[in-house]
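> Let me give you the structure first, and then I'll get to my questions.
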Amino acid sequence: MKSATSTSAKPTSSDPVTPEKEASVLLKEHSFARPEVHPFDEIEWEKRAASILDENGKAIFEQDEIEVPKPFSELATKILASKYFYGDIDRGKDPKTGGRESSFKEVVTRVAKTLKDWGLADGYFKTDTEAKIFEEDLMWLLINQTGAFNSPVWFNLGLYHEYEVGKDSAKGNFFWDQEAGAVKRAPNQYQYPQCSACFIQHVEDDLESIMHLAKAEAMLFKFGSGSGTDLSSIRSTREKLSGGGRPSGPLSFLAVYDSVAGVVKSGGKTRRAAKMNTLKDWHPDIEEFIEAKKVEERKAWALIEEGYDPSFNGDAYGSIKFQNENLSIRASDAFMDAASQNGDWWTKRVTDGQPCEKKNAGALLTQIAEGTHMCGDPGMQFDDTIHEWHTCKGSGRQNCTNPCSEYLFLDNSACNLASINLLKFRTEQGFDFERFARACRIFIIAQEIIVDRSSYPTEAITYNSHWFRTLGLGYANLGALLMSYGHSYDSDEGRSLAALITAVMTGTAYRTSAELARHKGPFAGYKDARYAGCDNPPGKDNVDSMLAVIEKHLKALEQIDESIDPEMLNYARSTWKQALQQGKQHGFRNAQVTVLAPTGTIGFLMDCDTTGIEPAIGLVAYKSLAGGGMLQLPIKSIPHALENLGYKLSERERILNHIKEYGTIEPVKSNGETITSGLKEEHFKVFDTAFRSGSGKRVLTHLAHIEMMSAVQPFLSGGISKTVNMPQEATVQDIRETYFHAWRKGIKGVAIYRDGSKRSAPVRTKKDVQEEVKASREVQMVTEPYRRRLPDTRASLTHKFNLAGTKGYLTVGNFEDGAPGEVFIQMAKAGSTINGLMDTIGTLLSMCLQYGVPLETIVKKFAHIRFEPEGMTRNPDIPMAKSVMDYLARWLGMEYIQGYREQMSPAAQAEKGLEDQAPDSVAIEREEEGSERQLSQEQMELLVQSEGHLTCSECGSSKVKVTGTCACCLNCGTSLGCS
């Protein structure tokens, strides 16, 4: 199959730009760099050292004499040095001889210069002058943290062309030979670098295809990319093999893919594997797929109960399946309609499409919500909504997404990403949308140049990448931008501004794509719907479907409130009209142009306060101090917000000091006194965040996340990587209704995280509790220990236990406030020696409690200690115990620590599962108890979350920030996703 790209001779860089060629010139003048000054000379640079320490204080990365722009934060410096510098420190500073890069100038030069050279060679630029404009503007954007490519570009691009890296290496992946018009194997691993972060792969219902997918995924993970596959093509366990046996089903092969991802994560070059797997609502094994992670989550809980490490990378979660991928149900409108009516739903056989089993759609959706409630999986992708906005309907349906859900397209395709820092276009007068559009244009040209100069893991992906040329331009720092203007994330003004910015971005991208089509020809699949993996597509071309989608985008502008920024709205309308008009005349160079990625690592490289489309997680950032410790600072957008809201300098300083001290703008109580920030109550909503910030209580509702996604979705080619945060007390029914709401609002897909749903809980917005305790001890002045004595007459609680046939009694005496103050342990028929030891332990515990040792600390230290007797008990909250001390510690936790039983008791988990399916009256009781449940969560922080946060797979740090459906380490910059 031949390319649609013209095979005529390419003009040389010395060709003059004649009037006839003027229309084909992409760049006539600089938009950012100054013609007479090199971008590197416009800013101030400085030398620094970078080091990354693990949780034990041991250095896992160190590099001195690093040259970075002076505005770079320490985190941005560490990410750049540890992740994106090429080479071996031990071999010096010359990358051409294997030494390590030591300046951001070197990284930017190898990327921008290589793209310029490719652009000239491939005919994108007509003259050296035009190419130089592109190179210098791109350099300016990169060094000023105005935009950034996805990580694989930083990892791989330019290494061969600038340093001849891999010149003599073994053969690489596949690339598109532009001269031959065919897919070929790359002669080495870096001449055609892997530059895409997002992949969607196909699997057939045969063992060869199934195992080939495992190999292709491993190669993607090796070079730092993520992959998604729909498993609906694999026949179910309810069907038959040709030889008469029963198939293994998609779940068994999912376990194989999970193992491959785990192995590559451990030995890979850059970071942990990222995977997405989907199953369509009609597949006969749909229930097993829904239950897959729930079953494994319960196994992890049992292991945690037995004392195994509960952290994200610990033994408990490392011993169970399906932890290296996100799972999503691909739901049709018919399924959602049936679920809303609690109607019947028929699954159908994969082999012949005939009906297989009748199920209840409402019950299936409830199962999905139960899984989300327990462990965050599965998510939902709305198949018909996705198809409605599909530009290439003539080639077939979209079946899956990349791991973070922003890239949606045909199977066996890839997308390279880039993101723009919105806060860089903030002015006192408003958002500089024209300058923003120029930045979008530069990045679209750069991303387009990358397509045919990259390598891909399979021939099919290589072919389709050339055939459709999908791109993924997006942005970061939206939440910070809205806050800086004094707009609440959950406001009509905030949503309208977000929609306008997104419309300008995508409209500019499609208009640029149409210009590129005039310059280079439309993407081959525009007029030829065939593609690798489908010889008989449903249509002959994609012209009508693509133009129809462009018109849908244009029409969606009518829904934006004109009052927010009439000038920007008019600009957006004009841009989309030009894109449609030029597209009708010349076609489009790219089948897709925009997505909203999580921007984890690259967002922090650009020093963004907020990632992707996410709101602020909290109001403070933590800065590491050279001598150790952390400094709490308000995020950068808050002073701008206060100024826009009309606060005087003295008022702003008071509010900022309040945030610095307490992490919130809300009133706090200290020593019985209420301390206020001075912020007016009507402005509180401007500073609402995704999680409770510091000592505050306010938080954005889950509907705020859904409404923002709904506002921007009509102006994106692809999807949105976005986590909808729900509070711990959210019920299964709440999650179920949220899925319905997202579907009705036209969102393509949604992932939900209920706070505290996994025993390995993600990021908190408060400092680590242990650090707080340590800090308080450092400033506490104590002249003598203080003992709190119990009254002569006190209430007590006696508990009878039976451990592996050994009986005994626990008696706890309480202080006046109900807290435990003394402990007695009596073992029946144990003899004087054992009872003497138990008396001694009881006395020691009593002294600890009276001298102020936190009960949480005692429980943590004594739980899971092992010695005889051990075994089964008759207590449903503690069905097994490893020793009397293990039983005593956990029983004390169940009785006296709020929230401990809900978190640690199997019986309580079972009760909650029944509760979640209870009638509305129970839900009302739960609402009334909401504040108590929040308090329980706070009191559980020392015991549960200090041992169970999401931890970095590379440095072990618990400073991990959720970014969309992925996460990024704030200590070393490792991305737990695909950005």
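The values are calculated or read from the model by the stated rules, or taken from the named source; none is laboratory data. Treat the numbers as computed from the prediction; the structure is a model and nothing was measured. As a convention, Cβ positions derive from the backbone with ideal geometry for all residues, glycine included, and neighbour counts pool all protein chains shown.
> If only one of D352, D377 is under 20 Å from C400 (Cα atoms) and not in a strand (DSSP E or B), which one is it?
Every option except D377 fails the conditions.
> Just to be sure I understand, how many residues within segment 375-397 are within 22 Å of the chain's Cα centre (by Cα) and either among the β-branched types (V, I, T) or crowded, with 22+ Cβ neighbours inside 10 Å (or both)?
The first filter runs over segment 375-397 and keeps only residues within 22 Å of the chain's Cα centre (by Cα), leaving 375-383, 386.
Narrowing further to those that are either among the β-branched types (V, I, T) or crowded, with 22+ Cβ neighbours inside 10 Å (or both): 375, 377-383, 386.
Looking only at that region, the number is 9.
> Restrict the check to segment 283-303 and report whether at least one residue is farther than 30 Å from D877 by Cβ, touching a residue at least 24 places away in the same chain (Cβ under 8 Å) and within 23 Å of the chain's Cα centre (by Cα).
Checking segment 283-303: at least one residue is farther than 30 Å from D877 by Cβ, touching a residue at least 24 places away in the same chain (Cβ under 8 Å) and within 23 Å of the chain's Cα centre (by Cα).
> Go through (1) among the β-branched types (V, I, T); (2) more than 32 Å from the chain's Cα centre (by Cα); (3) crowded, with 20+ Cβ neighbours inside 10 Å one by one and return the number of the condition T129 breaks.
That leaves (3) as the condition not met.
> Name the residues in segment 200-210 that are within 15 Å of R235 (Cα to Cα) and either outside any helix (DSSP H, G or I) or without any contact (Cβ under 8 Å) to a residue 40 or more places away in the chain (or both), would you?
Within segment 200-210, H202, V203, E204, D205, D206, L207, E208, S209 meet the criteria.
> Go through segment 509-528 and count every residue that is of a type in the set (A, V, I, L, M, F, W, C) and touching a Cys at 6+ places or on another chain (Cβ under 7 Å).
Matching residues across segment 509-528 total 1.
> Now a separate question. Identify all residues within segment 88-113 that are at pLDDT below 95 and surrounded by 20 or more Cβ atoms within 10 Å (Cβ to Cβ); write none if there are none.
Across segment 88-113, the qualifying residue is only P95.
> Would segment 53-65 turn up any residue that is of a type in the set (V, I, T) and buried (at least 20 other Cβ atoms within 10 Å of the Cβ)?
No: zero hits.
For (1) surrounded by 23 or more Cβ atoms within 10 Å (Cβ to Cβ); (2) of a type in the set (A, V, I, L, M, F, W, C), each residue gets a yes or a no:
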residue	(1), (2)
T674	no, no
L700	no, yes
M709	yes, yes
L716	yes, yes
N725	yes, no
Q728	no, no
T738	no, no
H741	no, no
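> Just checking, which of E74, E62 is of a type outside the set (S, T, N, Q) and farther than 24 Å from V165 by Cβ?
That would be E74, the only listed residue that is of a type outside the set (S, T, N, Q) and farther than 24 Å from V165 by Cβ.
> Within segment 520-547, how many residues are of a type in the set (S, T, Y) and either modelled with pLDDT under 95 or more than 17 Å from H390 (Cβ to Cβ) (or both)? Before the answer, list the steps.
So the first thing to find is which residues in segment 520-547 are of a type in the set (S, T, Y), and the list is 526, 531, 545.
Within this subset, residues satisfying the condition of being either modelled with pLDDT under 95 or more than 17 Å from H390 (Cβ to Cβ) (or both) are 531.
Number of matching residues: 1.
> Next up: Would you be able to tell me the number of residues in segment 259-281 that are at pLDDT 75 or above, surrounded by fewer than 22 Cβ atoms within 10 Å (Cβ to Cβ) and in a loop (DSSP other than H, G, I, E, B)?
0
> When you check T237 against the structure, is it at pLDDT 85 or above, in contact with a Cys (Cβ under 8 Å, 6 or more places away or on another chain) and either of a type in the set (S, T, N, Q) or surrounded by 22 or more Cβ atoms within 10 Å (Cβ to Cβ) (or both), yes or no?
Taking the combined requirement at face value, the residue does not satisfy it.
> I would also like to ask the following. Please go through segment 31-74 and give me each residue that is over 30 Å from R435 (Cβ atoms) and part of a loop (DSSP other than H, G, I, E, B), ordered by number.
Selection gives D54, E55, N56, G57, K58.
> Going residue by residue through segment 358-373, is there one that turns out to be in contact with a Leu (Cβ under 8 Å, 6 or more places away or on another chain) and surrounded by fewer than 24 Cβ atoms within 10 Å (Cβ to Cβ)?
Checked against the condition, which is being in contact with a Leu (Cβ under 8 Å, 6 or more places away or on another chain) and surrounded by fewer than 24 Cβ atoms within 10 Å (Cβ to Cβ), segment 358-373 yields no hits at all.
> Checking V504 against (1) among the β-branched types (V, I, T); (2) under 25 Å from G158 (Cβ atoms); (3) over 22 Å from the mean Cα position of the chain (by Cα), which single condition isn't satisfied?
Of (1) among the β-branched types (V, I, T); (2) under 25 Å from G158 (Cβ atoms); (3) over 22 Å from the mean Cα position of the chain (by Cα), only one is false for V504: (2).
> Given G583, G672, G663, G678, which one is in contact with a Lys or Arg (Cβ under 6 Å, 6 or more places away or on another chain) and not β-branched (V, I, T)?
From the options G583, G672, G663, G678, the qualifying one is G678.
> Conditions: (1) of a type in the set (V, I, T); (2) more than 16 Å from I320 (Cα to Cα); (3) surrounded by fewer than 24 Cβ atoms within 10 Å (Cβ to Cβ). V256 meets all but one. Number of the miss?
(2)
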